[in-house]
Amino acid sequence: MSKIVVKDLVKIFGDHPEKAIKLLRKGYSKNKILEESNQTVGIYDINFSVNEGEVFVLMGLSGCGKSTLLRCINRLIEPTSGTITIDGEDITTATPQAVREMRRKKISMVFQGFALFPHRTVLDNVAYGLEIQGITVEQRREKAAQVLETVGLKGWENSMPQQLSGGMQQRVGLARALANNPDILLMDEAFSALDPLIRKSMQDELLSLHNTLNKTIIFVTHDLDEALKIGDHIALMNNGTIVQIGTAEDILTNPADDYVEKFVEDVDRTKVLTAEGVMKSPDPVVFLRDGPRVALRLMREHGISSIFVVTRERKLAGILLAEDALQAVKEHKEDIKSIIVSDVPKVGVDTPVIDIIPVIADTKFPVAVTREDDKLAGILVKGSVLAGMVRRGNNID
């Protein structure tokens, strides 16, 4: 179910946005529009939707419009045209009072700069939004203490912000956003000011919190590795527009254009691609009810020396080797149950390629790819894994 739907969104900075829109429709670049009309194109022709409970990443280089887009969603920046629908309500036409209420109860924002009050304790910083809502002192402090425990800062309630490390201060900012119990979190380059080790820790913390709290999150970053790590879907932006939306695997394996391909060319694909992205079709297979002659015929037709065996429900039963099937035919056996190898290597569809490589290296069999119900989804052989790691241009990471 879509929690947020953005349609035909445009933001032009300047007194005569209609001039810029007219030039955009003619295909003029942002720089040319600024030169011709003295109007700055922030974002143009933005369309996407975010499902409830999803982490949706806006990614791109500085100046691509991602932060402008994020601020349009809670109307810190007023869109020029288009619609932003949250829970079925178009917030671009909402009254200022309704927007304020939305910011208090439905949407919270976490900024790149921690934006903590230096004269307030950690607890009072976290409780600030609740104070604005008129919540009593005891209630807001109790709630703030609970959220601080959630983000791992229990015991730091009475500390001042300057006594905390950068990562801890960012956790306070996150706790303050969570204290209002919003449906939606908007995070603008929230971790970019942190050093690499703390940044990785905060990414892990966010994923852990997301698994627990299941908030809808829109996360802005210019860091591709960060986007690939935390995003369920990623919108890659360039020059104020979205050039591709997809999962990490979609963007890596099927870049929409040369810009996207260039953007992702240095990514370690083994950490992002999963078994589902590099597996082969599981056909042919034989069923437990089939005999060895059926298995041998399929192996001959497809030029393979082994074949996976599944139940009627297509659950993995094992693998049958050609020599065992041939021996069964010689011995006039009609049943393959006793000759299949049931202890076969298998991985889940979401297993990263980096974890698959040692499995393939240590087995003489193809590797089965299964879903949660143990149904056979695909087959991995060394060639298919290598092929899945090949970029356009036939270079291998």
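What to note about this one:
- Those lysines that a straight Cα-Cα span of less than 27 Å connects to Lys271, excepting residues fewer than 8 apart in one chain: Lys66, Lys200, Lys215, Lys229, Lys262, Lys280, Lys346, Lys364, Lys375, Lys382
- Along the chain, longest interval not containing exposed GluC sites (Glu not before Pro), exposed being DSSP loop plus at most 11 other Cβ atoms within 10 Å: 1-312
- Under a 5 Å amide H cut-off, with hydrogens placed 1.01 Å from N, Gly378 pairs with Val369 among residues at least 5 apart or on other chains.
- Percent of beta bridges antiparallel (DSSP, the chain, rounded to nearest 5): 60
- Residues Arg100 and Lys280, FRET efficiency given R0 of 51 Å [Cβ-Cβ distance, rounded to 0.05]: 0.40
- Antiparallel DSSP beta bridges within the range 276-388, percent to nearest 5: 65
- 5 angstrom amide H check on Ile12, placed H, neighbours 5+ away: Gly42, Thr80
- Kirkwood hydrodynamic radius (C-alpha pairs) into Stokes-Einstein, the chain, 20 °C and 1.002 mPa s, D in µm²/s: 87
- Reducing the range 115-182 and the range 204-231 to their Cα centroids gives an inter-centroid distance of 21 Å.
- The distance from the alpha carbon centre of the range 242-261 to that of the range 276-309 is 34 Å, rounded to a whole number.
- A simple spin-label model places pseudo-atoms 7 Å from Cα toward Cβ; at Asp87 and Asn31 they are separated by 4.5 nm.
- For the range 281-365, a Kirkwood hydrodynamic radius built from all Cα pairs, placed in the Stokes-Einstein relation at 37 °C and 0.692 mPa s, yields a translational diffusion coefficient of 241 µm²/s.
- Extension gain from Phe117 to Arg293, taking 0.36 nm per residue of separation minus the Cα-Cα distance: 55.7 nm
- Charged side chains reduced to their Cβ positions (Lys and Arg at +1, Asp and Glu at -1) give the chain a dipole of some 340 debye around its Cα centre.
- In plain terms, the residue of Lys382, Lys30 with the fewest other Cβ atoms within 10 Å comes first and the most crowded comes last, giving Lys382, Lys30.
- Over the residues of the chain, the helix contribution to mean residue ellipticity at 222 nm works out to -10500 deg cm²/dmol, using -39500 (n - 2.57) for each DSSP H run of at least 4.
- Extension gain from Leu326 to Lys364, taking 0.36 nm per residue of separation minus the Cα-Cα distance: 11.8 nm
- Estimated FRET transfer efficiency when R0 is 56 angstrom, pair Arg300-Asn47 (beta carbons, to 0.05): 0.65
- 3J(HN,Hα) along the range 57-63, derived from phi through the Karplus expression 6.51 cos²θ - 1.76 cosθ + 1.60 where θ = phi - 60°, amounts to 9, 9, 10, x, 6, 4, x Hz, with x in place of Gly and Pro.
- Amide H contacts of Lys3 (H built 1.01 Å from N, under 5 Å, at least 5 apart or other chain): Val50, Asn51, Glu52
- Stretchable slack from Gln163 to Leu207, in nm (0.36 nm times residue separation minus alpha-carbon distance): 13.3 nm
- Coupling constants for the range 80-85 follow from the phi torsions by the Karplus curve (6.51 cos²θ - 1.76 cosθ + 1.60, θ = phi - 60°), and in residue order they are 6, 7, x, 10, 10, 9 Hz; glycine and proline get x.
Computed from the coordinates by the stated procedures, all read-outs in this text should not be read as laboratory data. Because the structure is a prediction, the values reported are computed rather than measured. Neighbour counts run over all protein chains shown; Cβ positions are idealised from the backbone, glycine included.
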